[in-house]
1. Which count do you get for residues in the stretch 289-311 that are assigned to a loop (DSSP other than H, G, I, E, B) and surrounded by 22 or more Cβ atoms within 10 Å (Cβ to Cβ)?
2. Quick one: is residue 168 more than 18 Å from residue 393 (Cα to Cα), surrounded by fewer than 19 Cβ atoms within 10 Å (Cβ to Cβ) and more than 12 Å from the chain's Cα centre (by Cα)?
3. Would you check which residues across the stretch 131-164 are within 29 Å of residue 45 (Cβ to Cβ) and surrounded by fewer than 18 Cβ atoms within 10 Å (Cβ to Cβ) and list them?
4. Considering only residues that are in a strand (DSSP E or B) and free of Cβ contacts under 8 Å to residues at least 40 places away in the same chain, look in the stretch 173-205 and name the one that is surrounded by the fewest Cβ atoms within 10 Å (Cβ to Cβ).
5. More than 15 Å from residue 65 (Cβ to Cβ) and under 19 Å from the mean Cα position of the chain (by Cα): is that true of residue 137 in this structure?
6. Would you mind stating whether residue 88 is modelled with pLDDT of 95 or more and under 16 Å from the mean Cα position of the chain (by Cα)?
7. Is there a residue in the stretch 350-359 that is under 21 Å from residue 219 (Cβ atoms), in contact with a strand residue (DSSP E or B) (Cβ under 8 Å, 6 or more places away or on another chain) and modelled with pLDDT of 95 or more?
8. What's the total number of residues in the stretch 49-63 that are at pLDDT 95 or above and out of contact with any helix residue (DSSP H, G or I) (no Cβ under 7 Å at 6 or more places or on another chain)?
């Protein structure tokens, strides 16, 4: 073989090796950068429902959504993961997890033993809570935001998702996804799309403030026409059922949902503002019904009782939600030495108050009887730790409180925003 032929052969061999390496490198790059899902299902038994003795159970690094009374579900930028049981004092190894890339998680809700995540590409993906398996997936409308907004704890993503709602209508539960321009309804059990509504108006995005009601309606503020009004859409069909204004309302309106099951979903009432005045209305039927007991801005609704703290933060009064007639009064008592109180959450059977000295007090909304009182602090943390409440969730007899630094501003880093490394307190009441 001539020297020239040998050199040519070596050149061809080098080229072939380069092609193979480039192809291999391309394969690696594809595997890293291509869209992917990672599903880790459980091999363990579904944790049973639990009931804990009143008091602080532990601290968590993230804010969970309690699902089916059995597991806790957490959100991160690209992942939903679960642990259990609910009364575990710390976060456990994942019971199951579901991760997507490069999409971001923008909201999550629970309907019975089903966890539905909304992703930045508009897809809704439901996870079966007992197993962690994907139950269904559906293509939804573009979400209101395409970025994860939950910060380090994920609280906003699971406690106040934007553009993701649940509703209960005869025969089924419905998941609604969308925003100010369009909305779709899906069967929560199967993912089948039930309807799709495109909102029309003389101005783009002239609707705002959407929430669902216990009466099976989706409510939006219609600013497309003058005077403004509230539109009620049937959650079963997506059809507009009514365009409604309170009697004697001014040209502009504002509506704040009250007593919601979670986030802005399945709310039992609303407070409507017009010309500086506020009125309470029940929305558990086809059309709003006046609720005088909810007129005060500080009033909370639990069952059929409106609970209102006084301006000094030392008394709590229960009133008939429809008439405003007083039913009972609870007083903190001078012996407590706890300072002012504020209502931070409510759930069936309990109104939860937090004092200046960080006592958590639970009052029976039906009778005004004090049920429990204990320090909302974890024994391993320094007693001088100061914090203010962020997101709060009350469900199934448990209370979860996100603790923020006293002077934290939204634009600060997470290290400055949260009061401590394990910012979420888990308590049983």
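1. Residues in the stretch 289-311 being assigned to a loop (DSSP other than H, G, I, E, B) and surrounded by 22 or more Cβ atoms within 10 Å (Cβ to Cβ): 2 in total.
2. no
3. Passing the criteria: 131, 133, 134, 137.
4. Restricting to residues being in a strand (DSSP E or B) and free of Cβ contacts under 8 Å to residues at least 40 places away in the same chain, the top hit is 198.
5. So residue 137 fails the test.
6. So residue 88 fails the test.
7. Pass one, the stretch 350-359, residues under 21 Å from residue 219 (Cβ atoms): none.
No: the stretch 350-359 contains no residue that is under 21 Å from residue 219 (Cβ atoms), in contact with a strand residue (DSSP E or B) (Cβ under 8 Å, 6 or more places away or on another chain) and modelled with pLDDT of 95 or more.
8. Residues in the stretch 49-63 being at pLDDT 95 or above and out of contact with any helix residue (DSSP H, G or I) (no Cβ under 7 Å at 6 or more places or on another chain): 9 in total.
The values are calculated or read from the model by the stated rules, or taken from the named source; none is laboratory data. Note that the coordinates shown come from a computational prediction; the quantities given were computed from them, not determined experimentally. Note that we place each Cβ from the backbone using ideal geometry, even for glycine, and neighbour counts take in every protein chain shown.
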